[in-house]
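Worksheet: one structure, shown below.
The values are calculated or read from the model by the stated rules, or taken from the named source; none is laboratory data. Everything numeric here is computed off the predicted structure, so don't read it as measured data. We place every Cβ from the backbone using ideal geometry, glycine too, and count neighbours over all the protein chains shown.
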Amino acid sequence: MDGVGVAIAETLIKIVRGYLFAGLVFSVPFVIFGIQRVDPSVKGWNVLFRVLILPGLSVFWPLFAVRLVRGKRHPVERTAHRLAAQSASHP
Amino acid sequence: MSVGYKSIQWNRQKLIYDLILWASVAAYIAIFMAVTKGIDSNLDIRGVQIRAYGSAAFLLLHVILSIGPLSRLSPKFHPLLFNRRHMGVTMFFLALIHVVGLNLPGLPLKTTGALTWYHDFGNLDPLVSLFVGNSHYGDFIQFPFEILGVGALAIFFVMAATSHDFWLVNLTAPIWKALHMGVYVAYGLLVGHVVLGALQSNRHPAMTVAVGVGLVWIVGLHLLAGSREIKQDKATLSPSDDGFVDVGTVAEIPDNRAKVVTISGERVAVFKYDGKISAVSNVCQHQNGPLGEGKVIDGCITCPWHGYQYLPDCGASPPPFTERIPTFDVRLAGDGQGPVEDQRIFVRAIPNAPGTHVDPAVI
């Protein structure tokens, strides 16, 4: 493949690596200090649990960054019955 | 159930499940390598290892994809569903070893990955070489099948990385499930990866037949299970003027079991237990499992997938757990002369907020 193709591949790989690295930089302090603010079910200091969720946090870190900044917790799922119950109680 | 997260929720059954899984994988890889070397002793062991791990992952993916529809067709397969996530994570690691190899300090088992074996010979970074080594992007047969494998591996990574219950809670079950439906995209990519890769370099008819049979099995099984589900959901019940839906008679429901009907765009599980009738949304809050296919154990509706429990009269998990599902008002009606089992069950079409107490209808 020509040099342009190599340059495109190198750039894309750098972008993905940069995104994941930024995620890791956010996620390590987040699992230590911030995680209980978005999910109160995280209790105690289970190190292995925190390590296990690190790869996923490195991918979805913008979601948790936004929740942390806005002071929001995880949402409740939206199913047809939950939505119907909600609209019935708040017509 | 979410009173606090554990790293890995192992119990005796899950440990046995995992041990059988890992022993089967190890036996497959050993047999694959022995048979392959037996057929052609001149083959390089590193190339055989790459094929062994890759084919193990592909085979395991077929098992994983079969469990869902088989469980829909028969509850006998529910035990396989119980710990399927560990199977998925195992499959991801097999695929990862296929690509990057295994060379951990202190671990005697070492293998070479496809990335090193095929792409680490020139000046280019092997990862860059992976994308540009074969540039026939406009050709079907010569298409760079490695890219298809990379796409599948990326999907498997996201799935494995989000396999913990933490992700079910934080993404919510519907979004988590939608994300994990990516496994079907990954399967399609892998079929392409195998057809354009391994089947082009090894054109033995048995391999082509095996891949074809696997594809037909997976597609056929899903069509069969899916057609049953669609048929059930099409039978949506509509309420009468008073807002209640006639869902059938008491006799239709076995003790401690449920009848599942579709009301208000979703399935409702109508349970009979202790001479009472209660109705809840059929959707478990954990992984949206079918509560109506479970039973009442120790006074609680128990999800057949992972054992999450809810009190039938309020749809709340017993303390200290915090899950809640919508409930439905229920009433019984009969002519007062026939047997109680002939009484008809009426369920209000509009659900109550999750965790709302509803007096059960007494038979």
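Residues in segment A:76-90 include at least one that is surrounded by 15 or more Cβ atoms within 10 Å (Cβ to Cβ), assigned to a loop (DSSP other than H, G, I, E, B) and within 11 Å of another protein chain (Cβ to nearest Cβ). Against the test of being under 30 Å from A:A7 (Cα atoms), surrounded by fewer than 20 Cβ atoms within 10 Å (Cβ to Cβ), in contact (Cβ under 8 Å) with a residue 12 or more places away in the chain and within 14 Å of chain A (Cβ to nearest Cβ), the options B:G182, B:G138 yield a single qualifying residue, B:G182. One residue stands out among those in segment B:304-331 that are over 27 Å from the mean Cα position of the chain (by Cα) and surrounded by fewer than 17 Cβ atoms within 10 Å (Cβ to Cβ): the one that is farthest from B:A173 (Cα to Cα), which is B:R331. Evaluation of A:L20 against the conditions (1) modelled with pLDDT of 90 or more; (2) surrounded by fewer than 18 Cβ atoms within 10 Å (Cβ to Cβ); (3) over 15 Å from the mean Cα position of the chain (by Cα) shows that the sole unmet condition is (3).
Going through (1) at pLDDT 95 or above; (2) basic (K, R); (3) within 20 Å of B:A178 (Cβ to Cβ) one by one, A:R82 falls short only on (1).
Among A:I13, A:I32, which is the only one that is away from chain B (no Cβ under 12 Å) and either at pLDDT below 90 or under 23 Å from B:T162 (Cβ atoms) (or both)? Steps first, answer last, please.
On the way: A:I13 fails: away from chain B (no Cβ under 12 Å).
Sole residue among the options that is away from chain B (no Cβ under 12 Å) and either at pLDDT below 90 or under 23 Å from B:T162 (Cβ atoms) (or both): A:I32.
Of the residues in segment A:60-75, how many are surrounded by fewer than 17 Cβ atoms within 10 Å (Cβ to Cβ) and within 7 Å of chain B (Cβ to nearest Cβ)? Of the residues in segment A:60-75, 1 are surrounded by fewer than 17 Cβ atoms within 10 Å (Cβ to Cβ) and within 7 Å of chain B (Cβ to nearest Cβ). For beta carbons closer than 8 Å, sequence separation of 6+ or different chains, a first residue in segment B:104-125 that is basic (K, R) and a second that is buried (at least 19 other Cβ atoms within 10 Å of the Cβ), the qualifying pairs are B:K110/B:G101.
Quickly run through segment B:261-288 and pick out the residues that are within 9 Å of another protein chain (Cβ to nearest Cβ), of a type in the set (S, T, N, Q) and part of a strand (DSSP E or B). If the condition is that a residue be within 9 Å of another protein chain (Cβ to nearest Cβ), of a type in the set (S, T, N, Q) and part of a strand (DSSP E or B), then B:S281 is the only one that fits. Within segment B:36-66, the residues that satisfy the criterion of being in contact with a Leu (Cβ under 7 Å, 6 or more places away or on another chain) and surrounded by fewer than 20 Cβ atoms within 10 Å (Cβ to Cβ) are B:T36, B:K37, B:S66.
The residues of segment A:16-29 that are farther than 21 Å from A:H74 by Cα and either among the hydrophobic types (A, V, I, L, M, F, W, C) or within 7 Å of chain B (Cβ to nearest Cβ) (or both), listed by number, are A:V16, A:L20, A:F21, A:A22, A:V25.
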